[in-house]
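Following: one structure in structure tokens, then a few remarks.
FYI, it's all coordinate maths here, none of it is from the lab. Small disclaimer: the values here were computed from a predicted structure and weren't measured. Virtual Cβ from ideal backbone geometry, glycine too; neighbours counted across all protein chains shown.
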Amino acid sequence: MRICTTISSAALVALSLLLGAAPSWAQALDGAEDGNAPRFGQSLVEPTSPDEGAPTVDSPSLGAVAPKQEYAPIILTTVPAPMVVELFTSEGCSSCPPADALLGELVERQYVLPLSFHVDYWDYIGWKDRFGDPLFTQRQRAYAEAQGSSMVYTPQMIVAGAIDVVGSDRKAVEKALKTAYTRNTMYRIQVAHDPEGRVVAHFPEAPIGVPATVWLVTYQKSAESKVRAGENAGRDLMTYNVVRSLQKVGMWYGPATEIELKLDPAAKANSPDACAIIANQAEHGPIIAAAAFNFTKAW
């Protein structure tokens, strides 16, 4: 299996893939249903071990936001605190289609929030990725810097904002998910229309230590591209949860916080299917909160 790197020419890397079923802890969480969020304003911490089971609405509250009754909650499309998986990919990279397919499988797991960020640094080799964006490349480079690396490559998955794995290595991805679930503390956030009709996110009071940057992401649930040039010439490529926009909307310092989700007009013009909120410690550190919801339910 080959990965593409920007440090040297694309290299062939032999990796053995173990194409096994998801671990039992993951399978146990796959049965979560939409609308599984707690009462609006309740803020909970997710379990830190898969043995403790999937997030439930009966978990004890560790601090509550008390919004007005006029707030209208927006139903989430994942469990209230999903594990975020970010795939950095490109239509111009011949190593990426297997990773795109694997991300498509992760979409079926409601305890995971998979997002596909198309980078633009392979556009020069013959095919311009229509979903590529310099902002997404910048995000990938910022992750590398935060993790003490100067190298970026495709396909790369960043799990929970902290674990770097080759995006097509199924065994490594499953291991990273399990590690992140047992190690990370995830806080529940909730989304609503406030009395003025604005879309807002409520963050609980929590001992987060390092302030978190809050990002608003819009994405398209699936897309097909007929590639006519470059390394994937002649192939029809499918990609899933394709990110269309990324914008910084606020900071969370630890106290209970309400942040308005102001969507850029350009992001709305792309007619996305869904939105996600991601809170990274610092700017590109570990992810400590996330949520996803349908675009049409909000705007």
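How large is the Kirkwood hydrodynamic radius of region 75-168, counting all unique pairs of alpha carbons, in Å?
For region 75-168, inverting the mean 1/r across all distinct Cα pairs yields 13.6 Å.
How would you classify region 252-297 from its alpha-carbon gyration tensor, with a ≥ b ≥ c the square roots of the eigenvalues: rounded for a/c under 1.5, else prolate if a/b is greater than b/c, otherwise oblate?
prolate
Under 29 Å Cα to Cα from K175, which lysines show up? Leave out anything in the same chain fewer than 8 places away.
K175 reaches K221.
Any lysines with Cα under 22 Å of the K226 Cα? List them, leaving off those in the same chain fewer than 8 positions away.
Counting by Cα, and skipping residues close in sequence, K226 has these lysines nearby: K128.
Fewest Cβ neighbours within 10 Å first, please rank I287, I125 accordingly.
I125, I287
Only Cα pairs under 8 Å and at least 6 apart count here; give the relative contact order of region 232-299 as a rounded whole percent.
Computed over region 232-299, the figure is 22 percent.
Can you pull the percent of Cα pairs in region 107-151 with separation above 16 Å?
Roughly 53 percent, rounded to a whole number.
Just to check, using Stokes-Einstein with a Kirkwood Rh over alpha carbon pairs, what's the diffusion coefficient of region 146-263 at 25 °C and 0.890 mPa s in µm²/s?
Calculated translational D: 140 µm²/s.
Looking at region 114-193, what % of the alpha carbon pairs are farther apart than 22 Å?
Summing the P(r) of region 114-193 above 22 Å gives 36 percent of all pairs.
Using alpha carbon coordinates only, what is the Rg to Rh ratio of region 83-237, with Rh defined as the Kirkwood radius?
The Rg/Rh ratio comes out at 1.00.
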